[in-house]
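A.B. asks: Supplied in structure tokens, the structure appears directly below.
The values are calculated or read from the model by the stated rules, or taken from the named source; none is laboratory data. Remember, predicted model here, so these are calculated numbers, not experimental data. Every residue, glycine among them, receives a Cβ derived from its backbone with ideal geometry; neighbour counts consider all protein chains shown.
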Amino acid sequence: MNLMKMRPAEYPVVDVTAPYRSLIFPVLELILITGLAWIGIGYLDAHGFEATVRNAVVVLWGILVLWRFVLPVYRARRRRFILTTTRIIARTGKKIDSIPLSDVVGVRRRRGGISLAIRGYDRALYFPDLPRTKRIERAVASELEQYSSPLWR
């Protein structure tokens, strides 16, 4: 069964991906790599190097852009955190975790992420770099009120 598909009578409450602040360093690296590569190409053109050397620098620039910018952006945008009316779905690349709300004991914000206390685990599960953590914390807490029993409060 595909975990990312909603079950019948299940509705998304919160659906977020990685925040744009996680892309600051890849953008800065892109600017730096592009600047250095084109300064090098200008130097090569000014001093009469062959076109094959210039093309090699352009190919190297393209590889570095793919490795240091495109790949991190792709990975960051694939991360997803979904709170539904019955469970929490967290996707990190190809790995998908589905946590029933009946197993969640508590929730709190910590360092730009969310910590979930799960029944049966010694430590809380931590989901880093989530946007709007205050909103997510309130939404999870309000959904937990329906599922938690007085025994666990």
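A.B. asks: How many of the residues in the range 91-112 are in contact with an Asp or Glu (Cβ under 7 Å, 6 or more places away or on another chain) and surrounded by 15 or more Cβ atoms within 10 Å (Cβ to Cβ)?
C.D. replies: The total comes to 2.
A.B. asks: Here is a further query. Can we say Pro19 is within 30 Å of Arg135 (Cβ to Cβ), out of contact with any Cys (no Cβ under 9 Å at 6 or more places or on another chain) and surrounded by 13 or more Cβ atoms within 10 Å (Cβ to Cβ)?
C.D. replies: yes
A.B. asks: Across the range 72-89, which residue is surrounded by the most Cβ atoms within 10 Å (Cβ to Cβ) among those that are within 10 Å of the chain's Cα centre (by Cα) and part of a strand (DSSP E or B)?
C.D. replies: Phe81
A.B. asks: Something else now. Select from the range 1-16 the residues that are modelled with pLDDT of 85 or more and surrounded by 11 or more Cβ atoms within 10 Å (Cβ to Cβ) and list them in ascending order.
C.D. replies: Passing the criteria: Pro12, Val13, Val14, Asp15, Val16.
Residues are listed down the side, and each one gets a yes or a no for (1) closer than 22 Å to Tyr20 by Cα; (2) not hydroxyl-bearing (Ser, Thr, Tyr):
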position: Lys94; (1), (2): yes, yes
position: Ser102; (1), (2): no, no
position: Val107; (1), (2): no, yes
position: Leu116; (1), (2): no, yes
position: Gly120; (1), (2): no, yes
position: Ala124; (1), (2): no, yes
position: Pro128; (1), (2): yes, yes
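A.B. asks: Further, regarding this structure: Taking the stated definitions as given, is Arg91 of a type outside the set (Val, Ile, Thr), at pLDDT below 95, in contact with a Ser or Thr (Cβ under 6 Å, 6 or more places away or on another chain) and not assigned by TED's automatic domain parsing to the domain that holds Pro26?
C.D. replies: No; evaluated as a whole, the condition is false for this residue.
A.B. asks: Looking at (1) touching a Leu at 6+ places or on another chain (Cβ under 9 Å); (2) assigned to a helix (DSSP H, G or I), which is the one condition that is false for Gly35?
C.D. replies: Here Gly35 clears every test but (1).
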